[in-house]
1. Counting only protein heavy atoms and using a 1.4 Å probe, what share of the accessible area of region 136-186 belongs to carbon plus sulfur, as a whole percent?
2. For residue 71, which sequence-distant residues (separation of 5 or more, or a different chain) have an amide H within less than 5 Å of its own amide H, given hydrogens modelled in the peptide plane?
3. How high is the FRET efficiency between residue 86 and residue 154 when r is their beta carbon distance and R₀ equals 41 Å, given to the nearest 0.05?
4. Between residue 269 and residue 165, what is 0.36 nm times their sequence separation minus the Cα-Cα distance? Round to one decimal in nm.
5. What Kirkwood hydrodynamic radius do you get for region 110-224 when you take the inverse of the mean 1/r over all pairs of distinct Cα atoms, in Å?
6. Anything over 25 Å Cα to Cα? Flag those among 56/105; 77/105; 56/277; 99/277, in the order listed.
7. Using 1/(1 + (r/R0)^6) with R0 = 35 angstrom and r between the beta carbons of residue 131 and residue 60, what's the FRET efficiency to the nearest 0.05?
8. Assuming R0 = 45 Å, can you tell me the calculated FRET efficiency for the pair residue 173 and residue 36, based on Cβ-Cβ distance, to the nearest 0.05?
Amino acid sequence: MKINHILMTAILSLSLVTGATVAVAPATSAAQIIVAQSPTETPPTLALFTATPGAKGSLLITAAPSSRVVLKTKGAKARAVKTNRAGWVRVKSLRPGVKYTLTTKISGSTKRITAIPESQVVAAHTFRVLTTEIPGQLQLSWRHANTPAQGAVSFTVTAAPIDSTTETIAGTTTSTEIVFTDLDLNVRFAFSVTATNTISSATPTMALMTKSLNDLQGTPVAKAPETPVSPVKQPISPTYAPTYAPAPAPVSPSGPATRTIYLCPDTFTEVGGLCEKT
């Protein structure tokens, strides 16, 4: 009771001095709804200092607005640039595949980072699609000319059905091979592999199936063995003289035999059952 008396005395004193009404906030309940509140404030952050490869032989640099950035590399004169009011600048005519050291001042401290400009990525080649011992599984492999100027390269591989409503299968890898499983054995697929680096994507390298997996790997159904039939012997009387009729003349076939031929589209070359185009 004594503590409550002191609290009420303080509230009344404040009300007399300021002319404002003061009330003790009730305890929060689950039924209460927020009808208004002040905006969420985020603490200020320091400007980021980054350098990202852009177009061929260029870097996009971010730093504090209107700050000076110096680029250095071995065998070349140092180069200084200035960021705009938004805090970025694009530097062109750099050497792809060469490491640059960038320095700037942020809040009075010297910051240093490194970056490597890149060139356009080249396409993959020698694309091969091979069957495995597992039905519906194919192993895809290719080659790619890696160079420092291209930087890190990844590959997007797809298997799109031809004349079918089956969904396209896609995968991404940094290796030069990938395995697709659970493929429809009765569907032909168009395969593609696309090389990509930070700044570009190469022209896809294609390979088309000329036959389905069932046509390539199908096992013929074995026929049931026929039961041999013993020839029926006809008794010959002593006075019976057998006569022999001349062999019938050969009958010419009614028409030429036919077979199915799979052809590759124009500009494609068939290699090992696949139509390839680089």
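The values are calculated or read from the model by the stated rules, or taken from the named source; none is laboratory data. Computed from a prediction, not measured in an experiment: that's the story for all the values here. We place every Cβ from the backbone using ideal geometry, glycine too, and count neighbours over all the protein chains shown. Ligands, DNA and RNA are excluded from the accessible area calculation, which covers all protein heavy atoms including side chains. Shrake-Rupley method; radii C 1.70, N 1.55, O 1.52, S 1.80 Å.
1. Ligands and nucleic acids excluded, carbon and sulfur give 46 percent.
2. 79, 80, 81
3. 0.85
4. 34.8 nm
5. It is 16.0 Å.
6. 56/105; 56/277; 99/277
7. With R0 = 35 Å, the Cβ-Cβ based efficiency is 0.15.
8. It comes to 0.30.
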